[in-house]
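Structure, as structure tokens:
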Amino acid sequence: MSHQYVHDSVQRASVEFFTPEEHRILAEWFGQEPHPAATGCSLDEALERLGVTESPHTLYRETDPAVAFIVLEGVEHELPNCGVFDGERVNLTRAYRPQQLVPQRRVCIVPQHLFTVNWADTAPGISWPGAYYCTWVPCYERYVVTYSGDCPEVFGYCDIAIGHFGLDETLKEGSRRVVTDDWQRQYGEFNQGRWAYLFFEGLLDGEEAATWADVVWPEGYEE
């Protein structure tokens, strides 16, 4: 499923941080009282305007891809993507939002890259990358951790918000808890195997990422 803005009201809106639709979704996801700016639309309307019209698969809620869509805006062109040739042209598995429809924000949100893994090499030239980011969200005073694949095949959307934490945890401590909890859910739900290797380092190097994986899949683990 590809995200796309579907309502004229979000075209080039000038906002400090977030549009009313985004505030409505973020407040719901964080379990906080709606922001004063979140007026004029229900949660269902807000989700539809951001292109979330169906629930993601299995482990996640409708608000999870919507929150990821909001916080990853500034790095969407750096996220995993894949081109599929249909005999006439190359079609990308990830759709990018039209720049003319991106709200004009006075303050930009800056996601921080944690690391990118490769879950498996299923055929020559075919890998399954997954990028993890952590983003500080003003107004709500929380960090959001997201997962991004190169296609919506697994979860129904390319990007999913997998959890959040506050200032009582350091960025690495909170991110580790959220990411390993998500891996544990995947392992418990459909016996997800350990990722094969690291594609790219970010705030974490390969050794640190491996210690996170050891929490879920101990050394010597066999699928």
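The values are calculated or read from the model by the stated rules, or taken from the named source; none is laboratory data. Nothing here was measured: the structure is a model prediction, and the numbers come from that model. Glycine also receives a Cβ, built like all others from the backbone with ideal geometry; neighbour counts cover every protein chain displayed.
What are the residues in segment 182-191 that are more than 17 Å from the chain's Cα centre (by Cα) and either without any contact (Cβ under 8 Å) to a residue 24 or more places away in the chain or within 23 Å of Val75 (Cα to Cα) (or both), if any? Reasoning before the result, please.
Filtering segment 182-191 down to residues more than 17 Å from the chain's Cα centre (by Cα) leaves 184, 187-191.
Once the filter is applied, which keeps residues that are more than 17 Å from the chain's Cα centre (by Cα) and either without any contact (Cβ under 8 Å) to a residue 24 or more places away in the chain or within 23 Å of Val75 (Cα to Cα) (or both), segment 182-191 yields only Gly188.
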* Asked: Based on what the data block shows, is Gly156 within 21 Å of Glu28 (Cα to Cα) and part of a loop (DSSP other than H, G, I, E, B)?
  -> yes
* Meets criteria (within 21 Å of Ile25 (Cα to Cα) and either in contact with a Ser or Thr (Cβ under 8 Å, 6 or more places away or on another chain) or at pLDDT 95 or above (or both)) for Val117 -> no
* **Test: Gly74 is touching a residue at least 12 places away in the same chain (Cβ under 8 Å), within 26 Å of Asp205 (Cα to Cα), surrounded by fewer than 19 Cβ atoms within 10 Å (Cβ to Cβ) and touching a Pro at 6+ places or on another chain (Cβ under 8 Å)** => yes
* Asked: Any residue at all in segment 147-154 that is under 13 Å from Val71 (Cβ atoms) and crowded, with 16+ Cβ neighbours inside 10 Å?
  -> yes
* How many residues, within segment 95-123, are under 25 Å from Arg194 (Cβ atoms) and in contact (Cβ under 8 Å) with a residue 60 or more places away in the chain? -> 10
* Asked: Residues in segment 206-216: is at least one touching a Pro at 6+ places or on another chain (Cβ under 8 Å), at pLDDT 90 or above and among the hydroxyl-bearing types (Ser, Thr, Tyr)?
  -> no
* Hits in segment 125-154 - residues which are hydrophobic (A, V, I, L, M, F, W, C) and in contact with a Phe, Trp or Tyr (Cβ under 6 Å, 6 or more places away or on another chain) -> Trp128, Cys134, Trp136, Cys139
* Provide a single number: the residues in segment 154-181 that are within 15 Å of the chain's Cα centre (by Cα) and without any contact (Cβ under 8 Å) to a residue 12 or more places away in the chain. => 0
* To do: Need at least 1 residues that are at pLDDT 95 or above and closer than 20 Å to Trp136 by Cβ per element, so show me which helices (runs of 4 or more DSSP H) inside segment 1-99 make the cut, counting only ones lying wholly within it.
  => 20-30, 63-71
* So, in segment 120-140, of the ones that are surrounded by fewer than 16 Cβ atoms within 10 Å (Cβ to Cβ) and part of a strand (DSSP E or B), which residue ends up modelled with the lowest pLDDT? -> Ala123
* Asked: Is segment 27-44 home to any residue that is closer than 22 Å to Gly163 by Cβ, among the acidic types (Asp, Glu), surrounded by 12 or more Cβ atoms within 10 Å (Cβ to Cβ) and in contact (Cβ under 8 Å) with a residue 60 or more places away in the chain?
  -> no
* Structure fact -> Considering residues that are farther than 25 Å from His23 by Cβ and under 20 Å from the mean Cα position of the chain (by Cα), the number found within segment 88-119 is 10
